[in-house]
1. Between residues in segment 477-503 that are at positive phi and residues that are crowded, with 21+ Cβ neighbours inside 10 Å and among the β-branched types (Val, Ile, Thr), which pairs lie under 9 Å by C-beta distance while being six or more apart or on different chains?
2. State whether one or more residues within segment 147-163 are surrounded by 22 or more Cβ atoms within 10 Å (Cβ to Cβ), modelled with pLDDT of 95 or more and more than 25 Å from Thr639 (Cα to Cα).
3. Could you list, ordered by first residue, the pairs with Cβ atoms under 6 Å in which the first is in segment 239-265 and assigned to a helix (DSSP H, G or I) and the second is exposed (fewer than 15 other Cβ atoms within 10 Å of the Cβ), at least 6 apart or interchain?
4. Please verify whether Lys429 is part of a helix (DSSP H, G or I), of a type in the set (D, E, K, R) and either buried (at least 21 other Cβ atoms within 10 Å of the Cβ) or modelled with pLDDT of 95 or more (or both), treating the condition exactly as stated.
5. Here's a check for you: in segment 350-364, which residue that is under 22 Å from Asn172 (Cβ atoms) and not in a strand (DSSP E or B) is modelled with the lowest pLDDT?
6. Conditions: (1) in contact (Cβ under 8 Å) with a residue 40 or more places away in the chain; (2) touching a Ser or Thr at 6+ places or on another chain (Cβ under 9 Å). Asp38 meets all but one. Number of the miss?
7. Scan segment 572-598 for residues that are of a type outside the set (Lys, Arg), in contact with a Leu (Cβ under 9 Å, 6 or more places away or on another chain), over 13 Å from Gln484 (Cα atoms) and modelled with pLDDT of 85 or more and report the count.
8. Just one of the numbered conditions (1) within 26 Å of Arg629 (Cα to Cα); (2) over 28 Å from the mean Cα position of the chain (by Cα); (3) in a loop (DSSP other than H, G, I, E, B); (4) of a type in the set (A, V, I, L, M) is not true of Ala71; which one?
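The values are calculated or read from the model by the stated rules, or taken from the named source; none is laboratory data. Quick caveat, the model's predicted, so the values are computed rather than measured. So basically every Cβ, Gly included, is an ideal-geometry build from the backbone, and we count neighbours across all protein chains shown.
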Amino acid sequence: MDVQLGCCWRCENPIKRNVPCDFCGEAKYCGEICRFRDQWRHTPQCAEWKPKRCSNPKCCKESAQLKECSACCDTWYCGEACQRQHWKAHKPSCHERTKEIRETVAPLKVVLRYNSYYVNLRCPYYIGNALAIDMLNLPGNELCSEDVKSEKTSKQDPLKDSYSILSAGCGNLRNWIHTVASLPNGFKGTLHTVLDDYDPYVQARNVLQLYMMIKYCDDPNIAEGITTIWYSLHLPEKDYKLLTDCLRALLGYSADDLDKLTGGALHIAQGTLTAMRPVWKAWLELECRKGYPNYIDLHEQRKRLLYQYQELEEGQRLYRKGLPSELIPSFDEYDQHGNFIPPVNGRPLPYDNPTLTGYLFTEGESRGVGTTETILEDNVRFMVAGKYVYCIEYQLMPFSEWDYLKVKKHHYNKSMVVMFHSFISDQIKQTIASIKAGAQRVSVMICNCVHISRYINEEYGESSESYRFDRIFTSNIADFIGTQVVLKAMKPLLNRQNKCSTIITQYWNWYFVGPYYNRDDEIFTASNKRLAAFDIHSDDIEMLYRLAIPLVRKEECRKDIYRGYYFLQEYFNNMIWFINYLRAEYLATDEGAQSTKPPTFQKVKQSEGLQLRDFRRGNANKVVPFRYRRSVRASVNQTRGMDRMLEWHLA
């Protein structure tokens with residue numbers, strides 16, 4: 001659950017008088033009103049967490065100790081006798097579930113086999129498509145007294161100890177920045193973070209921003225400048241000068257130079273540095289001043305990209321439709337000009353931002369993601385200044401990767417740009433303060449994460465033993481190569497001395513494969529039966545009537561289907577779909593499988609000798625939420641009802 005410990009599950013204010021859900025006991029509220037208003041959204045969760053009732057109608061015993069049918073994972077029994085007695089009635093639905101799993105295996109094998117060699121990404125992910133998370137979360141793990149007592153963690157004083165994080169497929173710096181900014185007060189230890197990605201463009205941008213934080217850590221305005229350079233299409237003169245000065249400096253450094261210059265805070269292997277240099281050089285050579293010959297004119301490129309792909313324009317319309325009304329004017333301003341900077345004297349910004357350029361594949365093109373050498377060879381083809389174009393997918397915005405609930409609590413403003421700019425700058429300031437205190441060390445790598453153990457051994461030799469991690473965050477790499485492949489690659493890198501060590505896998509595309517795809521009608525029907533009695537005073541009602549109900553009632557609104565579809569996921573229990581997807585995926589990636597019989601979910605939970613925290617047994621995740629609530633974030637964050645995060649720990 002994405003609510004801070006000790007806060008109400010509805011309003012998120014600190015709980016003074018705890019009012020739990022009567023059925024599951026997991027959901028906590030500050031009073032009866034919040035519990036009543038949250039009942040519609042909480043019901044699907046509650047159905048999974050509350051004590052189960054025996055599916056045998058002659059028994060109906062209710063208990064938390066019931067066992068599930070291992071074939072379908074959708075019915076529960078108090079014993080074998082009840083299961084046998086109910087089998088005749090249960091058999092058709094049980095066979096239907098297992099049939100769905102078997103039907104998913106074949107298309108999954110095709111998808112995973114293809115994605116083992118290629119990734120269908122059209123552009124570098126300078127802006128992410130998921131919320132920034134705290135990858136360490138000490139309060140929920142090493143600092144949690146229950147964990148220290150029951151798991152006997154090796155951390156004697158968690159606030160003074162050292163931790164290591166591997167962020168595989170790291171994307172931009174948002175997760176690292178949010179992790180550092182979320183370190184608890186009184187933290188006196190150190191954090192070593194390894195940022196790995198196969199994309200030299202993304203890593204070139206990350207290193208540029210890291211260098212700015214370290215080099216200009218005493219500049220009180222550097223955080224605001226970094227935020228502007230990170231997201232804004234156009235730049236003021238001072239920020240453009242800062243950017244070009246840093247690019248020139250980076251081109252002149254060796255890996256050893258950077259290590260010494262930053263006091264060991266930033267470590268980059270020479271091969272990785274070599275791969276990023278062409279990107280910095282190309283950015284520096286682009287003509288970014290308006291009115292000059294060969295001016296790149298990113299504003300015009302951005303407009304052409306929108307017109308070329310009509311679905312992007314449609315996506316913006318739907319996004320705007322779901323925003324709180326008071327935020328729409330500021331979004332329109334951002335959408336028109338692409339500037340992510342608070343108003344400055346009303347004057348136009350004179351420079352374009354070269355770090356928003358890179359490769360942009362046409363639809364259907366793919367990139368190889370084999371060995372590290374293959375990656376670099378493939379990308380070098382695009383490292384020519386004349387080929388660099390504006391390459392930000394239109395649906396990727398600053399507002400989609402920082403939690404709106406945290407942003408508006410930090411500094412609410414009717415201007416989305418002012419509000420988010422202030423929050424991100426503050427996160428960067430906290431990160432810089434931690435760097436200055438000597439608490440941060442960052443290593444940057446460019447390699448396929450599946451081969452990262454080999455890369456670390458080759459790069460660091462005997463000292464590679466020090467590269468053992470308390471947390472390993474793998475983004476949604478499992479969507480492309482399968483969970484078992486990810487776990488097999490990452491397990492050797494876990495810190496076995498810390499019982500809180502965790503691997504995190506994300507899933508964004510699971511429902512696009514097999515019989516789960518295009519079941520929106522089933523979701524609408526089931527959800528609206530429940531929503532027919534929706535409380536008119538509930539905080540959700542505005543979103544419901546603006547986005548969901550019109551879709552169901554008006555056939556001509558089918559273009560809006562996914563906006564309402566994702567919203568309604570909050571009110572529909574699709575847990576069995578996800579569980580059976582994981583079972584199908586296990587079978588699809590099990591090279592030694594001799595039969596098509598789906599594995600039990602218990603077997604899946606013990607993949608590669610690790611143990612999955614069972615998300616059906618209460619609020620099980622300890623590092624990140626199993627999923628984020630969409631309804632409380634309006635449309636600002638573009639969260640989808642189907643995204644999931646799993647946690648794996650040493651058995």
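1. Here the result reads Gly482/Thr589, each pair linking segment 477-503 to a residue that is crowded, with 21+ Cβ neighbours inside 10 Å and among the β-branched types (Val, Ile, Thr).
2. Yes, segment 147-163 contains at least one residue that is surrounded by 22 or more Cβ atoms within 10 Å (Cβ to Cβ), modelled with pLDDT of 95 or more and more than 25 Å from Thr639 (Cα to Cα).
3. Ala255/Gln270
4. yes
5. Phe361
6. Tallying (1) in contact (Cβ under 8 Å) with a residue 40 or more places away in the chain; (2) touching a Ser or Thr at 6+ places or on another chain (Cβ under 9 Å), Asp38 fails exactly one: (1).
7. Residues that pass the stated criteria total 2.
8. (1)
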